[in-house]
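Input: a single structure, listed below in structure tokens.
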Amino acid sequence: MNKKLIAFASLLPCLTLVGCATAAPAQNPSFTAIAPAKPSPTRSSGAMPAASGIVSSVWVDVYPGATFKSKHGCRCTLPGSSQELFPSGTPVLLLRVTMTGKWIPSQGNQDFQDVTGASVTGAQFDGRPEPAVLDKSDGPAAAKAARMAWLPAGLFAGQTKWTISNEKSRSFAVAYYLPPGVDQLELTVNVPSEGMANALTVPLPTSAVEASNGKGE
């Protein structure tokens with residue numbers, strides 16, 4: 001029989017039968033398996049955040065909440081003035097700040113992030129010289145009504161080490177008195193383990209802008 005026909009006949013079983021074995025390629029002994037990259041954490045469902053940022057392994061999202069009128073004044077004044085800066089009835093903006101853990105390759109199989117000592121600092125309304133004033137009188141009650149913890153310390157109350165799971169969000173609330181004529185807030189969220197603070201510019205919702213100008217609540 002012709003040699004070419006014999007060679008073709010020897011291939012027929014592999015062409016007609018499923019699962020015909022084939023020779024596996026030789027593996028390089030120096031090859032090292034690399035774990036597949038994990039997807040970015042899913043942010044909170046619902047409205048899109050007004051501001052987002054990440055330094056290393058913690059996503060920070062800021063969502064503007066309700067604007068309400070304060071029942072109590074701030075009992076604070078500007079230097080050289082005796083007039084209360086934010087008296088009772090001043091509009092206040094409630095914000096939801098969300099932290100979400102993000103896995104990075106250097107962490108191996110670690111499935112959480114250390115956010116011990118996380119804080120919100122350096123808040124200031126754009127164009128205003130004084131720091132933004134936290135509403136410590138009515139803010140905690142507003143946060144509770146919205147089913148949120150008040151400040152990061154409230155989110156981890158009684159815990160010495162604060163951790164958040166990768167891919168899962170943890171939220172807390174802050175609330176600031178609204179001075180007149182503002183439209184964005186400069187907010188700094190500091191997570192010590194990140195090595196550098198996360199500076200965010202938060203555009204204010206229309207309701208807050210109108211309230212600060214005396215057109216809203």
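Here are some notes:
- In region 196-207, the qualifying residues are those that are small (Gly, Ala, Ser) and modelled with pLDDT of 95 or more, and the one that is surrounded by the fewest Cβ atoms within 10 Å (Cβ to Cβ) is Ala199.
- Pro140 open to solvent by 40 Å² or more (accessible area, probe 1.4 Å) and modelled with pLDDT under 95: no
- Which numbered condition Ser212 misses (of (1) at pLDDT 95 or above; (2) open to solvent by less than 20 Å² (accessible area, probe 1.4 Å); (3) more than 21 Å from the chain's Cα centre (by Cα)): (1)
- Strands (runs of 3 or more DSSP E) wholly inside region 106-196 that include at least 3 residues being in contact with a helix residue (DSSP H, G or I) (Cβ under 8 Å, 6 or more places away or on another chain): 169-177
- The residues on offer are Thr121, Thr116, Thr98, Thr90, and the sole one that is in contact with a Pro (Cβ under 9 Å, 6 or more places away or on another chain) and under 18 Å from Thr201 (Cβ atoms) is Thr98.
- Hits in region 61-99 - residues which are part of a strand (DSSP E or B) and touching a Lys or Arg at 6+ places or on another chain (Cβ under 9 Å): Asp61, Val62, Tyr63, Pro64, Gly65, Pro91, Val92, Thr98, Met99
- Test for Glu167: is it acidic (Asp, Glu) and either surrounded by fewer than 18 Cβ atoms within 10 Å (Cβ to Cβ) or at pLDDT below 95 (or both): yes
- Failed condition for Asn190, given (1) in contact with a Lys or Arg (Cβ under 7 Å, 6 or more places away or on another chain); (2) surrounded by fewer than 21 Cβ atoms within 10 Å (Cβ to Cβ): (1)
The values are calculated or read from the model by the stated rules, or taken from the named source; none is laboratory data. The structure displayed is predicted, hence computed values, not measured ones. A quick note on method: Cβ atoms are made from the backbone with ideal geometry, for glycine too, and the neighbour counts reach across all protein chains shown. Heavy atoms of the whole protein, side chains included, go into the accessibility calculation; ligands, DNA and RNA do not. Shrake-Rupley method; radii C 1.70, N 1.55, O 1.52, S 1.80 Å.
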